[in-house]
1. Just need a number here: residues in region 248-271 that are over 22 Å from the mean Cα position of the chain (by Cα) and either among the polar types (S, T, N, Q) or near ligand 2 (Cβ under 7 Å from one of its atoms) (or both).
2. I'd like the full set of residues that are part of a strand (DSSP E or B), modelled with pLDDT of 85 or more and open to solvent by 60 Å² or more (accessible area, probe 1.4 Å), limited to region 36-61.
3. Which residues, taken from region 264-304, are within 11 Å of ligand 1 (Cβ to nearest atom) and open to solvent by 70 Å² or more (accessible area, probe 1.4 Å)?
4. Test each condition in (1) in contact (Cβ under 8 Å) with a residue 12 or more places away in the chain; (2) open to solvent by 10 Å² or more (accessible area, probe 1.4 Å); (3) over 18 Å from M200 (Cα atoms) for M149 and report the one that comes out false.
5. Condition check: open to solvent by less than 60 Å² (accessible area, probe 1.4 Å), assigned to a helix (DSSP H, G or I) and among the small types (G, A, S). Does A162 satisfy that?
6. Taking T119 and the conditions (1) surrounded by 17 or more Cβ atoms within 10 Å (Cβ to Cβ); (2) within 29 Å of R244 (Cα to Cα); (3) touching a strand residue (DSSP E or B) at 6+ places or on another chain (Cβ under 7 Å); (4) at pLDDT below 90, which numbered condition does it fall short on, given that it satisfies the others?
7. Would you please list the contacts, defined by Cβ atoms under 7 Å and residues six or more apart or on different chains, that run from a residue in region 244-263 that is within 8 Å of ligand 1 (Cβ to nearest atom) to a residue that is hydroxyl-bearing (S, T, Y)?
Amino acid sequence: MEDTKLPPVGKSGYFEIRLESIGGLGANLCGKMLGELGVKYLDLNSVSFSSYGSEKTGTPVRGYIRYCEKEKEIRVHSPVISPDLMAVFHQALLKDKSTWNGCDEHTDIIVGLDAGQETLEEAAFTKWKKCYVVEAQKIAMETRSRINMVMLGAIVRVMGFARLEDANRICEDTLGKKYPDALKGNLEGIRRGYEEVREMTDIPRKPSDSFRSETIEWGYDTAPAGGINPCFGNTVTADLSPSRQGYIPVFRKEKCINCGLCDSTCPDMVFQFAKGEYNGREMMVNQGLDYYHCKGCLRCVDVCPVNALVKGLEAEHPDKEYFRTNQDLIRMPDYYVKKGPDAYVTSESYLTEKRMGGGEI
Ligand code: SF4
Ligand code: SF4
């Protein structure tokens, strides 16, 4: 039988878990279940909460769980910066350096693999204690459960102080009454996650000094005079492609009536409008998408009145046909910036381009 004793904790005084996920994979529920597990079945104190964006799918989701002995109180309710265990629900998130924030030699990492992927080939940015993988998507499909249940089983196994029976009981408590028909599949998903998670020892790593944990550089004490923050925190300059769950909006220009609804709906300024001609009229014309900023939430597909945007599988566009089109467009200085009285910028992608040594602004 597994040892159900909490392992020695670091200087935080808690055993801390961080879930790195994407909206739609169920990390929020998984975090809640892990939190309840501690109090109900492990005789510990625990707390859990999540942070996520306003869109239902496609946005980064982080879950935080803390455990400690019952005699101690949990008075900390801030995100877990330096986790003892980090579970990455989708391997695409490994591309994003912020996923690795705060991980070091004391962090066990579990990565949920895509269907068809048996190993982790991607080099990581940082150090870890042990790295585990579980074929989360494949197991979820085979058991008709969800990725969060497979990950729950894997997390319980790796954290080492809970048993499979405890995970099953919390699943029955959470889903048994609400979704009795789905219970069997979810229990099976948990069992397979628990049994099939395995350690990987031969993953190529980048040198640890290539990674720097991100910290808040500007605050009350450090902001420059006047309070101007040059490191603004919106997503205009962020690569959002790791957030996609395999779907992208595909643009069919020939159908577009240039109504602009997609542009006003998209939370991340993905659409590229420029002066042009449509039906003999000079107007702002939709040139397509800059997928660098697209997180794949597909809200634009929902609002387009003429199906000029359709849901497509990213894997079916491996040549990045649309990506290339738009990357080419934003690389043309005359396209993205015009000087003079009618100056315009199609999107703030040009900032990224400039940093990458692109055209003059
Ligand atoms: S919502 Fe559809 S029709 Fe309107 S501009 Fe966007 S792609 Fe074109
Ligand atoms: S382009 Fe569409 S799918 Fe991509 S972020 Fe904008 S609204 Fe979401």
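The values are calculated or read from the model by the stated rules, or taken from the named source; none is laboratory data. Note that this is a predicted model, so its numbers are computed, not measured. Cβ: placed from backbone, ideal geometry, glycine included. Neighbour counts: every protein chain shown. Heads up: the accessible areas ignore ligands, DNA and RNA and are worked out on the full protein's heavy atoms, side chains in. Shrake-Rupley method; radii C 1.70, N 1.55, O 1.52, S 1.80 Å.
1. Initial filter on region 248-271 (over 22 Å from the mean Cα position of the chain (by Cα)): 251-264.
From what is left, the residues that are either among the polar types (S, T, N, Q) or near ligand 2 (Cβ under 7 Å from one of its atoms) (or both) are 258, 262, 264.
Within region 248-271, residues that are over 22 Å from the mean Cα position of the chain (by Cα) and either among the polar types (S, T, N, Q) or near ligand 2 (Cβ under 7 Å from one of its atoms) (or both) number 3.
2. Step one: filter region 36-61 for residues part of a strand (DSSP E or B), giving 44-52, 60-61.
The next check asks that each one be modelled with pLDDT of 85 or more; those that pass are 44-50, 61.
Passing the criteria: only F49.
3. Those that are within 11 Å of ligand 1 (Cβ to nearest atom) and open to solvent by 70 Å² or more (accessible area, probe 1.4 Å): S264, M284, R299, D302.
4. Failed condition: (2).
5. Working: open to solvent by less than 60 Å² (accessible area, probe 1.4 Å): yes; assigned to a helix (DSSP H, G or I): no; among the small types (G, A, S): yes.
No, not satisfied.
6. So the condition that T119 fails would be (1).
7. Pairs that qualify, where the first residue is within 8 Å of ligand 1 (Cβ to nearest atom) and the partner is hydroxyl-bearing (S, T, Y), are F251/Y322; N258/Y278.
Here is a yes/no grid of residues against (1) at pLDDT below 50; (2) over 24 Å from the mean Cα position of the chain (by Cα); (3) within 16 Å of ligand 2 (Cβ to nearest atom):
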site	(1), (2), (3)
Q287	no, yes, yes
C294	no, no, yes
C300	no, no, yes
A308	no, yes, yes
K320	yes, no, yes
V337	yes, yes, no
L351	yes, no, no
